[in-house]
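Notes for the one structure printed next.
The values are calculated or read from the model by the stated rules, or taken from the named source; none is laboratory data. If you're wondering where the values come from, they're calculated on a predicted model, not measured in any experiment. In this analysis, Cβ positions are derived from the backbone assuming ideal geometry, glycine residues included, and neighbour counts consider all displayed protein chains. Side chains are part of the model used for accessible areas, which takes the heavy atoms of the whole protein and leaves out ligands, DNA and RNA. Shrake-Rupley method; radii C 1.70, N 1.55, O 1.52, S 1.80 Å.
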Amino acid sequence: MKLLLCTISRNNAKRLKTWYKQLSALLELLNGVHDVEVSIYENDSTDGTKKRLEKYAKLLSMKCKTTCTTTNLGTQHLVGKEGARVKNIAKARNAAIEQASQIHEFDKIVFIETDVLYNPQDAVEIILHQGDIISGYTTNALGQFYDAWATRKTSDETWWEHGIPTEKTQVWSTFNGVCTYTAKAFQEGARFDGVNPRTEKTDCDTTVICEVFRTMGYDNIAMLPINIRHPPTSLRERLFYLKQRLLGRV
């Protein structure tokens with residue numbers, strides 16, 4: 001099986017060491033069994049992300065074919081302006097796919113965020129699981145469901161309010177930090193966007209790609225009971241996370 005592992009990044013310098021270690025461990029599990037390629041796309045970082053990505057890309061290229069693009073497009077780092085923000089993110093995801101080898105060569109395309117913590121063996125399970133779009137689920141440092149805007153159980157929802165999954169769950173849309181897509185839909189023209197084709201409104205880019213897949217007949221979309229964690233960001237989360245580590249729970 002040929003796999004394309006994609007990462008997009010912007011101003012994530014402090015997370016990249018962990019991202020690289022996890023990705024390297026994942027490649028150790030996949031290489032030799034599958035043909036793996038890595039694609040990294042970055043734009044407009046100002047915190048040292050570019051330099052670190054270039055360093056890690058060189059190291060990754062010793063393990064598999066790796067493409068890394070760092071560029072300045074002049075786009076603002078938009079927070080809260082969801083329409084422009086999701087369109088920018090969608091463009092970056094599409095660029096990560098399109099800069100790799102010929103898209104028809106791949107069986108699966110996987111997106112892995114730079115700011116998630118995961119067990120590489122769990123990531124292998126997500127990657128190899130049968131389905132059109134497969135993910136785990138994300139939690140924050142307090143153990144609360146994280147990727148709620150991208151995850152929806154039905155077409156009527158705009159937010160996940162069903163708690164932590166304890167079994168494989170068919171969903172309307174998902175992403176959750178580590179997400180696997182059948183490459184066939186992308187080969188047939190599917191791309192990320194910031195506008196939902198069903199509602200014709202601004203929406204989460206990873207929800208939009210699920211909608212696009214569905215219109216093309218790729219509707220086997222599921223979330224597995226595999227926890228992908230986000231590191232603590234607030235003081236409250238940091239204190240809670242420290243307590244959990246002291247108790248040996250993380």
Next on the checklist: Where the second residue is open to solvent by 60 Å² or more (accessible area, probe 1.4 Å) and among the hydroxyl-bearing types (Ser, Thr, Tyr) and the first is more than 17 Å from Phe175 (Cα to Cα) and lies in the stretch 196-210, which pairs have Cβ atoms under 8 Å and are six or more apart or on separate chains?
Outcome noted: Pro197/Thr215; Arg198/Thr215
Item to check | Residues (open to solvent by 20 Å² or more (accessible area, probe 1.4 Å) and in a strand (DSSP E or B)) located in the stretch 121-145 | outcome: Tyr137, Phe145
Checklist entry - Is it true that some residue in the stretch 1-18 is within 20 Å of Ile126 (Cα to Cα), over 17 Å from the mean Cα position of the chain (by Cα) and in contact (Cβ under 8 Å) with a residue 12 or more places away in the chain? => result yes
Item to check | Some residue of the stretch 43-52 being surrounded by 14 or more Cβ atoms within 10 Å (Cβ to Cβ) and more than 14 Å from Leu16 (Cβ to Cβ) | outcome: yes
Checklist entry - Considering the stretch 146-170 alone, what residues qualify as being small (Gly, Ala, Ser) and surrounded by 21 or more Cβ atoms within 10 Å (Cβ to Cβ)? => result Ala150
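Quick check on Phe175: is it buried (at least 21 other Cβ atoms within 10 Å of the Cβ), in contact with an Asp or Glu (Cβ under 7 Å, 6 or more places away or on another chain) and closer than 15 Å to Gly131 by Cα?
In short, yes.
Kindly indicate the residue of the stretch 198-250 that is among the hydroxyl-bearing types (Ser, Thr, Tyr), at pLDDT below 75 and assigned to a loop (DSSP other than H, G, I, E, B) and also least open to solvent (accessible area, probe 1.4 Å) among those meeting that condition.
If we take residues in the stretch 198-250 being among the hydroxyl-bearing types (Ser, Thr, Tyr), at pLDDT below 75 and assigned to a loop (DSSP other than H, G, I, E, B), then Ser234 is least open to solvent (accessible area, probe 1.4 Å).
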Next on the checklist: Of everything in the stretch 94-112, what is under 21 Å from His129 (Cβ atoms), of a type outside the set (Phe, Trp, Tyr) and surrounded by 14 or more Cβ atoms within 10 Å (Cβ to Cβ)? Give them in sequence order.
Outcome noted: Ile97, Lys108, Ile109, Val110, Ile112
Item to check | Flag if Gly74 is free of Cβ contacts under 8 Å to residues at least 12 places away in the same chain and open to solvent by 40 Å² or more (accessible area, probe 1.4 Å) | outcome: no
